[in-house]
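**Student:** Please find one structure pasted underneath; my questions will follow.
Bear in mind these aren't lab numbers, they're just calculated from the coordinates by the rules spelled out. Just so it is clear, the model here is predicted, and its values are computed rather than measured. Backbone-built Cβ (ideal geometry, glycine too); neighbour counts: all protein chains shown.
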Amino acid sequence: MISDRGWRSVLLGACAVLSLSCGEGLLPEEERAGAGIPGNEVGTVDEVGQALTDELGSVLGSPVATNNTCAAIDEHTPACTTQTTAPDRSYYWTAPSTGMFTFTTTGATFDTVLLLLDASTHASLGCNDDASSTTFQSSVTVNLTAGTRVKIVVDGYSTRCGDFALNISAPTFAGCAAVKAAIPSAPDGEYVINPTGARPISAYCDMRLGVELCTEDVGVRRGRTREGSNLDYVMMSLLARTSGLCSVWALRGASDNRPIDALVAAGNPSMGTCQALGFVSDGTITLCDFGSERGTCGYNVSSGYYRYGNGCMGCSLNDGYYTSYKLQGPMRISTVISSMDGSTRSVCRTR
Ligand SMILES: [Ca+2]
Ligand SMILES: [Ca+2]
């Protein structure tokens with residue numbers, strides 16, 4: 001059996017000799033390398049080899065693997081193409097971080113189909129026949145959580161088989177708006193962005209708005225509450241990439257620059273603070289959510305910046321646990337759960 005390195009040499013050598021079959025230019029399908037070669041010989045050594053799906057770890061690169069599908073068995077039938085009985089080869093790979101990943105067969109010498117499965121459930125995560133109208137090679141981009149194990153299947157159109165390269169990259173975008181523009185169905189989550197073009201950073205994106213709610217760089221972030229009040233808010237935030245925890249402070253309404261008292265006015269006492277802001281779940285802020293009942297207590301518009309909670313420690317006023325809204329003290333003196341100066345912060349989860 002030829003190793004991946006050996007196949008790479010073969011592939012590169014073939015490219016050097018048969019430049020047309022390895023470039024981006026297209027050949028008629030019937031003239032493509034490997035076209036029409038049946039690869040379903042059951043019970044061969046290659047089938048045994050194929051059953052032991054190659055392990056790629058968490059490597060990124062172009063390529064991460066090279067091989068040939070012609071001697072493999074037809075183990076998978078991708079749903080994104082029709083009537084394929086082409087042989088296929090599979091690889092296991094684990095997402096090294098949370099974010100977008102692109103898998104391609106750029107460099108393959110035949111008409112490929114790429115299928116991405118959840119390694120545990122075998123649910124399809126993505127499938128592609130032709131990456132564009134100008135290539136028969138395939139590309140799948142998905143958003144994965146760190147540690148997610150996937151099975152990558154390199155298959156062929158119809159009965160096509162041949163040499164292929166499997167490439168895995170982590171594309172970066174300028175920001176969440178660019179992610180949303182490129183992939184309109186992209187869900188809320190952590191993405192790698194590169195707003196300066198110089199240093200990729202992790203960001204938690206609110207994909208309803210296409211904005212960063214939290215990044216590895218401290219900054220002013222703007223969002224819109226989701227619990228029903230649809231209020232524009234402003235905050236400062238900072239994302240800890242390794243833990244997926246976003247610290248939040250100086251949270252206030254965008255219209256009046258005050259604590260989002262309008263949330264209280266909207267009368268939705270069941271609101272969970274972090275989820276209402278667009279985050280996945282509460283971190284430590286659950287000790288200080290927006291209370292458990294309606295009432296007249298809370299923000300005092302005549303006396304400045306106040307926050308609310310029903311179980312806050314270290315507050316200058318009404319310290320302790322409560323079952324109703326309690327005035328916690330002016331934000332400006334930094335003794336509430338989220339101070340204006342960031343000396344006290346709330347924490348929301350981004351995964
Ligand atoms: Ca197949
Ligand atoms: Ca194709």
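**Student:** Which peptide among 124-136, 199-211 comes first, and what is the full order, when sorted by highest mean count of other Cβ atoms within 10 Å? The partial results should precede the final answer.
**Tutor:** On the way: 124-136: 16.5, 199-211: 19.5.
Top to bottom by mean Cβ count within 10 Å: 199-211, 124-136.
**Student:** Which ordering of L60, L277 is given by a fewest-first count of other beta-carbon atoms within 10 Å? All intermediate terms of the calculation are to be shown ahead of the outcome.
**Tutor:** On the way: L60 14, L277 28.
So the residues, fewest neighbours to most, are L60, L277.
**Student:** Set the Förster radius R0 to 30 Å, insert the Cβ-Cβ distance between N230 and I183 as r into 1/(1 + (r/R0)^6), and round the FRET efficiency to 0.05. Display every interim value, and only then the final one.
**Tutor:** Working: r = 24 Å, r/R0 = 0.81.
Here the calculated transfer efficiency is 0.75.
**Student:** On to the next question. Which of the peptides 105-116, 159-170, 71-82 is most tightly packed, and how do the rest follow, judged by the mean count of other Cβ atoms within 10 Å per residue?
**Tutor:** Numbers: 105-116: 26.2, 159-170: 23.5, 71-82: 18.3.
My ranking of the peptides, most packed first, is 105-116, 159-170, 71-82.
**Student:** At 7 Å along Cα-to-Cβ for each site, give me the label-to-label distance between R222 and A254 in nm.
**Tutor:** Once both label points are built, they end up 0.5 nm from each other.
**Student:** Could you tell me the distance between the Cα centroids of the stretch 174-198 and the stretch 55-89, to the nearest Å?
**Tutor:** So the two Cα centres are separated by 28 Å.
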